[in-house]
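The values are calculated or read from the model by the stated rules, or taken from the named source; none is laboratory data. It should be emphasised that the depicted structure is a prediction, and the values quoted were computed from it without experimental measurement. Every residue, glycine among them, receives a Cβ derived from its backbone with ideal geometry; neighbour counts consider all protein chains shown.
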Amino acid sequence: MQSRNNASARRAFTMLELIAVVVLLGLIAGIAIITVGGQMDQARLARSIEQIRSAEQREREAVQRGAVPGGVTFDSRKQSLRFTSSATTITMPSEVAIVGVDDLNTSEPIDRVLYSQSGQSRSYSVTLRAKSGLSKRLDIIGLSGQQIVSDQ
């Protein structure tokens, strides 16, 4: 009878072994969450930049077609951009913030860019930051409409 109790006792895990396994699983889960969180921020920033790029291009095309005078207004309080001619408003997701809109020539902050009938505007940049601190900047060259994305 005693050999039977010893055999079942040897098959069970000790409390210390169970705690060690739980701690290891917690560490692995923590690393996975941090890795996935960073990738999620990159995806949110990329999606926000792409929305701005697309809306900016539509605005230039609408002005060139002669729809109405165009422009884009930046509202830092509402965290949004409103494109006049194409009637498009982009609001940033809560995880992404507009931290600056600047004139590329003077580096002065701006809150509005107007487009001429030929679709030209002044050159400006929009800087976005995710909650994790990851930042991207979209430079828009006014004469050509060329768009350049860079990490900050």
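So, Val63, is that one hydrophobic (A, V, I, L, M, F, W, C), part of a helix (DSSP H, G or I) and in contact with a Ser or Thr (Cβ under 8 Å, 6 or more places away or on another chain) or not? In short, yes. Figure legend. Inter-residue proximity from region 29-58: first residues over 20 Å from Gln146 (Cβ atoms) and acidic (Asp, Glu), second residues surrounded by 10 or more Cβ atoms within 10 Å (Cβ to Cβ) and modelled with pLDDT of 80 or more, beta-carbon distance below 6 Å, spacing 6+ or different chains. Indicated pairs: Asp41/Ala130; Asp41/Ser132; Asp41/Leu134.
Taking region 74-87 as the search range and keeping residues that are part of a strand (DSSP E or B) and not aromatic (Phe, Trp, Tyr), which one is surrounded by the most Cβ atoms within 10 Å (Cβ to Cβ)? Selected residue: Leu81.
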